[in-house]
Amino acid sequence: MYEVFEREKVLKSFIENKEKLERRNNEGIEKYRKGDFTLKFSKEVKKVKIEQKKHKFLFGSTAFMINSFEKPEKEDKFKELFANIFNQAVVPFYWSDLEPEEGKVRFDRDSENIYRRPAPDLVIDFCKEYGIEPKGHCLVWNGFVPEWLGKYNAEQKKKILERRFKQIAERYGDVIPSFDIVNESASNYRRGKDVLFEGYDEFGLELGGKYFKNNIKILNETNEAIWRDYVTEGKYMSFNMQLKEFIRKGLPFDEIGLQYHIFDEAASFENNERYLNADYMMEILDIFDAYDYPMHISEITIPSYTGRIPQNEEIQAEITEILYKTWFATKNMKSIVWWNMVDGYAAYAPLGSEEGENRQGGGLVHFDMTKKPAYDTLDRLINKEWKTKLDVCPVGDEVSFRGFYGEYEIEAETVNGTEKYTVSLDENGKSVRV
C-alpha cells in the first residue's frame, strides 16, 4: 500500500510563511541574479532583439547514467531531457569504482562499464556535445574506498591518495573547472581510521591546494551535519563548526556545498521539521551565506515516493518550486544540483527496483522517461521565468535593459540588414560594445 500525502500537512510551514518567503525570494532574485545592462552599437540600429541563451547560474544534475541505460533509446532521451534544463553535469570520481584494481584507473571511454559509474571521458564527451559544464565528484571521501587500499598503513595511504590527485589533475585539471575535493567529513564519517586515516579531510584539502591550484575547490557536506544538526544544535551544527576550524587553519578551499537529500521514510514526510520548515531553511542559508563563500545546494533529493501517485508528484513539484526559488534568491548561491534525474536509477538499489534510494522516487522523470510535474516546473523556471527575452527600440546607438546574468544572442536591425552578436552579461560586465 503506497502512502498518499496531504498537501496542507507536507507544506504546512511553507504555507504559513508564504508572504515572508515570497518577499525574500522576489527581492533576492532581483538583487543577486539580475543586472542593468547597456549595449553600445558602433552604428545606427532600428530595432534590437535580446534573447538569453545560457544562464551564468549553474543548474545541474548527475550524469552517472551515461552509458548505463538498458536501452539505447533511453540513453538518447536522457541526454535530451538533461540538456533541456541543466547546464552542469556531475562527473563521478568515486575511488572504488574509478580504480577497482590497484593501478588500473578507468579514465578512458572504452573502459569496462560499471553501473552508475561511467568513465569520466564518456561524461566529458557528453558535456562537450551539449555545451554543459562538468563538475568532478568526489576526490576524498571515507566511503567508496577501494578494498585493496586496506592493506596499507596510514602513511602509505597518504602517498597513494596523492598519486590519485596527481593523476586526476593531470588529465582533467584543464577540462573540469570545479571539484568536490572533500566529501561529507563533518558528519559521521570524519574520523576514518579504519578506512582512510585520521585527518584525511585536512590532508585532502592540502592536496587540492597543491594539485588543483587553478580549479574551484569545494568542501561538500551531507544532510546530517547541516539540516539534521540544526534541529538539535542550532548554529552549532557540525558543518558550521568545521568551517570555522578549517578557515582558522587556512586550509585551501574556495566554495562550500550543502546537500539536501530528503531520505526520510514516507511515513514521516508529513510534518517534516528537519527539511520542510521554512524558518529553519532561511536561518540555515543565512548562517552559511554570512561566510561569503560561493555556495552550492550540491545534492538534492525531493521525494514523490513510489507508486506514481499523482497527488504526491504534484506536492514534489510544489516543494521543488519553493526551494529552487529560495536557493536561487540566496546571495552567494552559485549552483543547484539535482542528484538523480530519473526514477529507478538511484544508489544502493538494483536498476528499476523500489529498494535503496529508489524508495524516495526522487527523480524528475519516471523510469519510462515520461516527465513528472517537477520536471515541468524546473523547465518553466529555468527556461522561461528566469530567462530574459526582449524586443527594444534603441535610444541613439545604445540599448539599456534589465535581465538575468548569462549569455545573450543580440539581433540588431540596421540600415545594412540584420546583424547578430553573442555577449556575456553579468555583474562584471554591465556595459558592452557590440
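The values are calculated or read from the model by the stated rules, or taken from the named source; none is laboratory data. It should be emphasised that the depicted structure is a prediction, and the values quoted were computed from it without experimental measurement. FYI the Cβ positions are ideal-geometry reconstructions off the backbone, even for glycines, and counts take in every protein chain you see.
Out of curiosity, is Asp97 surrounded by 14 or more Cβ atoms within 10 Å (Cβ to Cβ), assigned by TED's automatic domain parsing to the domain that holds Ala349 and out of contact with any strand residue (DSSP E or B) (no Cβ under 9 Å at 6 or more places or on another chain)?
Considered against the rule, which asks whether it is surrounded by 14 or more Cβ atoms within 10 Å (Cβ to Cβ), assigned by TED's automatic domain parsing to the domain that holds Ala349 and out of contact with any strand residue (DSSP E or B) (no Cβ under 9 Å at 6 or more places or on another chain), Asp97 comes out as yes.
Criterion first (farther than 18 Å from Tyr32 by Cβ and not basic (Lys, Arg)) does Leu351 satisfy it?
Answer is yes for this residue.
Could you check, for region 154-162, whether at least one of its residues is of a type outside the set (Phe, Trp, Tyr), assigned to a helix (DSSP H, G or I), under 23 Å from the mean Cα position of the chain (by Cα) and more than 29 Å from Pro350 (Cβ to Cβ)?
No.
With Tyr291, Tyr324, Tyr275, Tyr345 as the choices, which residue is assigned by TED's automatic domain parsing to the domain that holds Glu22, over 19 Å from the mean Cα position of the chain (by Cα) and among the aromatic types (Phe, Trp, Tyr)?
Tyr291
Report every pair of residues separated by at least 6 positions or lying on different chains whose Cβ atoms are under 6 Å apart, first residue within region 62-88 and in contact (Cβ under 8 Å) with a residue 12 or more places away in the chain and under 11 Å from Val342 (Cα atoms), second of a type in the set (Ser, Thr, Tyr) and crowded, with 19+ Cβ neighbours inside 10 Å.
From region 62-88, the pairs are Met65/Tyr345.
Looking at this structure, is Ala412 surrounded by 18 or more Cβ atoms within 10 Å (Cβ to Cβ) and either without any contact (Cβ under 8 Å) to a residue 12 or more places away in the chain or outside the structural domain of Asn332 (by TED's automatic domain parsing) (or both)?
Considered against the rule, which asks whether it is surrounded by 18 or more Cβ atoms within 10 Å (Cβ to Cβ) and either without any contact (Cβ under 8 Å) to a residue 12 or more places away in the chain or outside the structural domain of Asn332 (by TED's automatic domain parsing) (or both), Ala412 comes out as yes.
Of all the residues that make up region 34-54, how many are crowded, with 19+ Cβ neighbours inside 10 Å and touching a strand residue (DSSP E or B) at 6+ places or on another chain (Cβ under 6 Å)?
Counting residues in region 34-54 that are crowded, with 19+ Cβ neighbours inside 10 Å and touching a strand residue (DSSP E or B) at 6+ places or on another chain (Cβ under 6 Å) gives 6.
Looking at Leu425, is it of a type in the set (A, V, I, L, M) and farther than 30 Å from Ala266 by Cα?
yes
Test of understanding: among Lys384, Lys389, Lys372, which residue is touching a strand residue (DSSP E or B) at 6+ places or on another chain (Cβ under 9 Å), among the basic types (Lys, Arg) and surrounded by fewer than 17 Cβ atoms within 10 Å (Cβ to Cβ)?
That would be Lys389, the only listed residue that is touching a strand residue (DSSP E or B) at 6+ places or on another chain (Cβ under 9 Å), among the basic types (Lys, Arg) and surrounded by fewer than 17 Cβ atoms within 10 Å (Cβ to Cβ).
Can we say Ala225 is aliphatic (A, V, I, L, M), within 24 Å of Thr330 (Cα to Cα) and assigned by TED's automatic domain parsing to the domain that holds Leu161?
Yes; evaluated as a whole, the condition is true for this residue.
Would you kindly identify the strands (runs of 3 or more DSSP E) lying entirely within region 323-411 that contain at least 1 residues that are of a type in the set (Gly, Ala, Ser)?
Filter on region 323-411 gives 333-338, 398-404.
Looking only at region 282-295, decide whether some residue is aromatic (Phe, Trp, Tyr), over 16 Å from Ile181 (Cα atoms) and either surrounded by fewer than 19 Cβ atoms within 10 Å (Cβ to Cβ) or modelled with pLDDT of 95 or more (or both).
yes
Please go through (1) of a type in the set (A, V, I, L, M, F, W, C); (2) under 30 Å from Trp148 (Cα atoms); (3) without any contact (Cβ under 8 Å) to a residue 12 or more places away in the chain for Ile15 and return the number of the only condition it doesn't satisfy.
Among (1) of a type in the set (A, V, I, L, M, F, W, C); (2) under 30 Å from Trp148 (Cα atoms); (3) without any contact (Cβ under 8 Å) to a residue 12 or more places away in the chain, the lone unmet condition for Ile15 is (2).
Of all the residues that make up region 246-270, how many are assigned to a helix (DSSP H, G or I), at pLDDT 95 or above and surrounded by 12 or more Cβ atoms within 10 Å (Cβ to Cβ)?
Of the residues in that region, 2 qualify.
Name the one entry in Ile168, Ile124 that is assigned to a helix (DSSP H, G or I), within 20 Å of the chain's Cα centre (by Cα) and surrounded by 15 or more Cβ atoms within 10 Å (Cβ to Cβ).
Ile124
One residue is enough: does region 143-165 have a residue meeting the conditions within 19 Å of Tyr94 (Cβ to Cβ), among the small types (Gly, Ala, Ser) and crowded, with 21+ Cβ neighbours inside 10 Å?
So far as region 143-165 goes, no, none of its residues is within 19 Å of Tyr94 (Cβ to Cβ), among the small types (Gly, Ala, Ser) and crowded, with 21+ Cβ neighbours inside 10 Å.
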